[in-house]
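Quick notes on the structure that follows.
The values are calculated or read from the model by the stated rules, or taken from the named source; none is laboratory data. Please read all numbers here as calculations on a predicted model, not as lab measurements. Counting neighbours? That spans all protein chains shown, and the Cβs are built from the backbone with ideal geometry, glycine included. Just so you know, the surface numbers come from the protein's heavy atoms only, side chains and all, with ligands and any DNA or RNA stripped out. Shrake-Rupley method; radii C 1.70, N 1.55, O 1.52, S 1.80 Å.
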Amino acid sequence: MRSLLALSLSRPLPWLGGCAATKPSTASAPSAPAPEAWVSPLHRDHPLVGRIWDTRAGQWLTPEALDAALGGARFVLLGEKHDNADHHRLQAERVRALTASGRQPALAFEMLDTAQQPLIDESLQRSPGDPDALARAVDWEHGGWPEWALYRPIFAAGLEHGLPIVGANLPRPEVRKLVKEGPGALPPETLARLGLNAPVPEAEEKETREEMRESHCGQLPEMLLGPMAFAQRARDAQMADRLLSSATAAGGILIAGAGHARTDRGVPAYVHRREPGAHVASLAFVEVEPEAREPQGYPVPYDYVWFTPAVEREDPCAPLRAPHQKEASGK
C-alpha cells in the first residue's frame, strides 16, 4: 500500500466544511429543476435540491438573480465536489452566463498547476478551441483528478469565449516539499507576498488540523497535521496569487474544490488580504443530506450555495481500516 502521505499528495484534498451563520429564509424558494436534469442519483427528491441560497441576505435566489450577482464581482469562485457531474455542469453554465455579454475573465483551475502553464499556453496557441488537445497537453489522464469527461464542459465553455486558461495550484513536488520542510521551503519574499508569514489564529489552526485528521481517516501521524495544514494554506494563497496576477480587465474565475472557495479562510480570504477592496463572490455547489432539510442545517462559509443531489461513493477510509480490523480479529 502506498504511504498515507504519498496518497494524500497525489490526490485532491476532499471538501472541507465549516460553519457560517445564516438568517432565516425571507422568501419562498423558486421551483427546482426537473428531476431528469440531474445526473447524481442520491436524494433527488430532497426539498433543497436545485435551490440557491444567499447566505448573507438569508433568502432564496433564482439562477438569473445569482448570475446577475456574480456578474458584479471581479473575482468569482465556483466551489465543487470533484466527482459530482452536476457541479461541473452548473459551473460550465455559470462560465457561459458570466461571458455572455462578451466579458473575458481569466479562467483558473485548481486542477492545473503553475508548472503546467507553458504547456497550457502552447496548446491554446496551437489548438485554441480544442479542450481535448489541452487535456492531452497537460496529461490529464495521469494527473490524479476525476475523469476528463467531467471537467470538459467547463473548459469547453471557456475556450468558446476565448478565455485565458490559468494553472492556479502549486505543483505537487512543491507541496511535498512544504509538508517535509514547512515554511522554510519557501523564500522569505515568497512567504511575505503570499501572506503566509502572518500568524494564524489559534482556533483556525486547530480547526484546520482537525480537518486534516478527519480527511485522512484519522490515520495521519500527529507530527504531520501541522505541516499538512500549512500546505493547505499555501495552496489557497497560491491560487489567490494566480487569480490576482492573471486577472484581465474583466477579472477572474476560479474552479476549485469547495474547501478552497470558503470565505472565512480559503482563497477569498487571501485575495482580500492582498486587495482589501476586491469584490469577491464565492458560490459552492453542496450535496444535500437527508436529515438536513433547511439551509441553516449546512456548514456554508460561502456567499451563495446551490444545493444538488449527491453522488454514490465507496467509503474512502475502508482500505485504511481493513488491516486494523484483520489484526483485531486475529486473521
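Restricting attention to the stretch 199-210, the residues that are open to solvent by less than 50 Å² (accessible area, probe 1.4 Å) and not β-branched (Val, Ile, Thr) total 2. If you go through the stretch 226-259 and keep only what is closer than 21 Å to Arg172 by Cα and of a type in the set (Gly, Ala, Ser), you end up with Gly226, Ala229, Ala231, Ala234, Ala237, Ala240, Ser245, Ser246, Ala256, Gly257, Ala258, Gly259.
Considering the stretch 187-212, and only residues there that are within 17 Å of Arg265 (Cβ to Cβ) and basic (Lys, Arg), the residue that is nearest to the chain's Cα centre (by Cα) turns out to be Arg209.
For the stretch 223-258, give me each residue that is among the hydroxyl-bearing types (Ser, Thr, Tyr), under 20 Å from Arg273 (Cβ atoms) and touching a residue at least 24 places away in the same chain (Cβ under 8 Å).
Filtering the stretch 223-258 for residues among the hydroxyl-bearing types (Ser, Thr, Tyr) gives 245-246, 248.
Right, trim to under 20 Å from Arg273 (Cβ atoms) and you get 245-246.
Correct list: Ser246 only.
For the stretch 216-238, the tally of residues that are open to solvent by 20 Å² or more (accessible area, probe 1.4 Å) and over 17 Å from Ala256 (Cα atoms) stands at 8. Scan the stretch 269-288 for residues that are surrounded by 20 or more Cβ atoms within 10 Å (Cβ to Cβ) and not small (Gly, Ala, Ser) and jot them down. Tyr270, Val271, Val280, Leu283, Phe285, Val286, Glu287, Val288, listed by residue number.
Of the residues in the stretch 176-186, not one is open to solvent by 10 Å² or more (accessible area, probe 1.4 Å), part of a loop (DSSP other than H, G, I, E, B), within 27 Å of Gly266 (Cα to Cα) and in contact with a Lys or Arg (Cβ under 7 Å, 6 or more places away or on another chain).
The number of residues in the stretch 101-114 that are of a type outside the set (Ser, Thr, Tyr), more than 16 Å from Ala240 (Cα to Cα) and in contact with a helix residue (DSSP H, G or I) (Cβ under 9 Å, 6 or more places away or on another chain) comes to 1.
Applying the set (1) hydrophobic (A, V, I, L, M, F, W, C); (2) free of Cβ contacts under 8 Å to residues at least 24 places away in the same chain; (3) over 30 Å from Ile52 (Cα atoms) to Ile120 leaves exactly one unmet item: (2).
Would you be able to say whether some residue in the stretch 289-307 is part of a helix (DSSP H, G or I) and open to solvent by 10 Å² or more (accessible area, probe 1.4 Å)? It would help to see each step written out before you state the result.
First, the residues of the stretch 289-307 that are part of a helix (DSSP H, G or I): 295-297.
Next cut, open to solvent by 10 Å² or more (accessible area, probe 1.4 Å) only: 296-297.
Checked the stretch 289-307: at least one residue is part of a helix (DSSP H, G or I) and open to solvent by 10 Å² or more (accessible area, probe 1.4 Å).
Suppose the filter is farther than 30 Å from Asp315 by Cα, out of contact with any His (no Cβ under 6 Å at 6 or more places or on another chain) and open to solvent by less than 30 Å² (accessible area, probe 1.4 Å); does Gly162 pass it? In short, no.
Based on what the data block shows, is Thr62 at pLDDT 95 or above, at negative phi, of a type in the set (Val, Ile, Thr) and open to solvent by 10 Å² or more (accessible area, probe 1.4 Å)? Judged against the criteria, Thr62 is a match.
Does Arg213 satisfy the criteria of being more than 20 Å from Pro183 (Cβ to Cβ), assigned to a helix (DSSP H, G or I), without any contact (Cβ under 8 Å) to a residue 24 or more places away in the chain and open to solvent by 10 Å² or more (accessible area, probe 1.4 Å)? Working first, answer last.
Numbers: more than 20 Å from Pro183 (Cβ to Cβ): yes; assigned to a helix (DSSP H, G or I): yes; without any contact (Cβ under 8 Å) to a residue 24 or more places away in the chain: yes; open to solvent by 10 Å² or more (accessible area, probe 1.4 Å): yes.
So Arg213 passes the test.
Whether any residue in the stretch 94-112 is among the acidic types (Asp, Glu) and either open to solvent by 10 Å² or more (accessible area, probe 1.4 Å) or touching an Asp or Glu at 6+ places or on another chain (Cβ under 6 Å) (or both) is what I want to check. Before the answer, list the steps.
Our first condition is that a residue be among the acidic types (Asp, Glu); within the stretch 94-112, this holds for 110.
Among the residues that remain, those that are also either open to solvent by 10 Å² or more (accessible area, probe 1.4 Å) or touching an Asp or Glu at 6+ places or on another chain (Cβ under 6 Å) (or both) are: none.
No, the stretch 94-112 contains no residue that is among the acidic types (Asp, Glu) and either open to solvent by 10 Å² or more (accessible area, probe 1.4 Å) or touching an Asp or Glu at 6+ places or on another chain (Cβ under 6 Å) (or both).
Go through the stretch 122-140 and count every residue that is surrounded by fewer than 17 Cβ atoms within 10 Å (Cβ to Cβ), within 14 Å of Gly158 (Cβ to Cβ) and within 23 Å of the chain's Cα centre (by Cα). Counting residues in the stretch 122-140 that are surrounded by fewer than 17 Cβ atoms within 10 Å (Cβ to Cβ), within 14 Å of Gly158 (Cβ to Cβ) and within 23 Å of the chain's Cα centre (by Cα) gives 1. Taken over the stretch 37-80, residues that are basic (Lys, Arg) and under 26 Å from Ala278 (Cα atoms) amount to 2.
Search the stretch 244-268 for residues being β-branched (Val, Ile, Thr) and more than 10 Å from Pro105 (Cβ to Cβ), and hand back the single one that is most open to solvent (accessible area, probe 1.4 Å). Outline the logic, then answer.
First pass over the stretch 244-268, keeping only residues β-branched (Val, Ile, Thr): 248, 253, 255, 263, 267.
Going one step further and asking which of them are more than 10 Å from Pro105 (Cβ to Cβ), we end up with 255, 263, 267.
On the way: Ile255: 0, Thr263: 45, Val267: 0 Å².
Here the residue is Thr263.
Contact map, the stretch 87-100: residues that are in a helix (DSSP H, G or I) paired with residues that are polar (S, T, N, Q), Cβ distance under 7 Å, separation 6+ or inter-chain. Pairs shown: His87/Thr308.
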